[in-house]
1. I need to check one value: relative contact order of region 20-111, counting alpha carbon pairs closer than 8 Å and at least 6 residues apart, in percent.
2. Nearest 10 degrees is fine. How inclined is helix 100-112 to the longest principal axis of the chain, computing both from alpha carbons?
3. What list of ³J(HN,Hα) couplings, whole Hz, do you get for region 2-10 from phi and the Karplus terms 6.51, -1.76, 1.60, once you set θ to phi - 60° and write x for glycine and proline?
4. In the chain, with Lys and Arg counted as +1 and Asp and Glu as -1 at Cβ, which of these residues, 131, 50, 12, has the Cα nearest the positive end of the dipole, that is, farthest along it?
5. Could you tell me what percent of the DSSP beta bridges with both partners in region 123-251 are antiparallel, to the nearest 5?
6. Regarding region 198-251, what is the average projected area of its C-alpha convex hull, in nm²?
7. Quick one: net charge of residue 122's neighbours, Cβ under 15 Å, K/R +1, D/E -1?
8. Short version: ³J(HN,Hα) in whole Hz for each residue of region 162-168, in order, from phi by Karplus 6.51 cos²θ - 1.76 cosθ + 1.60 (θ = phi - 60°), x for Gly and Pro, what are they?
Amino acid sequence: MDKVIANAQDAIADIPYGASLAVGGFGLCGIPSVLITALYEQGASRLHVVSNNCGVDDAGLGTLIAAHRIARVVASYVGENKEFARQYLAGELEVELIPQGTLAERLRAGGCGIPAFYTPAGVGTQVAGGGLPWRFTADGAIAVASPPKERRTFHGREHILETAITTDFALVRAAKGDRHGNLVFRRSARNFNPIAAMAGHVTVAEVEDLAEPGTLDPDDIHLPGVFVQRVVPLTPDQATGKLIEKATVRR
């Protein structure tokens, strides 16, 4: 039951070439920055990443993008990373853009064992009809486009079929966690972290504050330990070393 791994390097050492990853966080909020750095140092490449976005040019998943270590991204927003956009438009990176709520539900469905679901999101757009460019050629032509989705009408309203997402690994960050893998997320860091953790076959959680089993109030736990296989306790410096994507101050 003790799922604690001594350090991030050991926790992600077996992530192989071409692995698929679900990564928590939103912008730079709640990202598993220590695990991402360890993965960068480990050297795995041709990764398939599912995440709301890919950080910024010099932080978060942006460091893996810059090193050309990610081959495919499933995301809902990519607007804060110039190198991401350059690689996508140059045909170096395959990108599947998904409405944010649909992405969240596809991850949650994967964790719950639901193979697919119908949603009205995307009806009447290329999300439903297909043709969204997933990958370009070097000269700007569309090399791979999204396929059309199955449609069905419920109560007079058209819906499209979306499939669940599961990945080989998931990387997340929690404010608190115990040795059994039960996790607590703080405020807006409870964004894509719980559902990303649910979608991974092997989930690795970096934890700012490690608690002993039985000390966390069951009513406070956001993600039960059944979804988590490895827990990495952070040092005080790692726990407080958080970046701000856009600092806004007033006079």
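The values are calculated or read from the model by the stated rules, or taken from the named source; none is laboratory data. Please read these numbers as outputs of a predicted model, since none were measured by experiment. Here the Cβ positions follow ideal geometry from the backbone for every residue, glycine too, while neighbour counts run over all protein chains shown. In case anyone asks, the SASA skips ligands and DNA or RNA and just uses the protein heavy atoms, side chains included. Shrake-Rupley method; radii C 1.70, N 1.55, O 1.52, S 1.80 Å.
1. Working: 153 pairs, mean separation 21.9, N = 92.
Value for region 20-111: 24 percent.
2. Roughly 60 degrees, rounded to the nearest 10.
3. My calculation for region 2-10 gives 6, 9, 6, 10, 4, 8, 5, 4, 5 Hz in order.
4. Looking along the dipole axis, the top candidate is 131.
5. Around 40 percent antiparallel, to the nearest 5.
6. 6.3
7. With Lys, Arg at +1 and Asp, Glu at -1, the net is 0.
8. So the J values, rounded to whole Hz, are 10, 8, 5, 10, 10, 9, 5.
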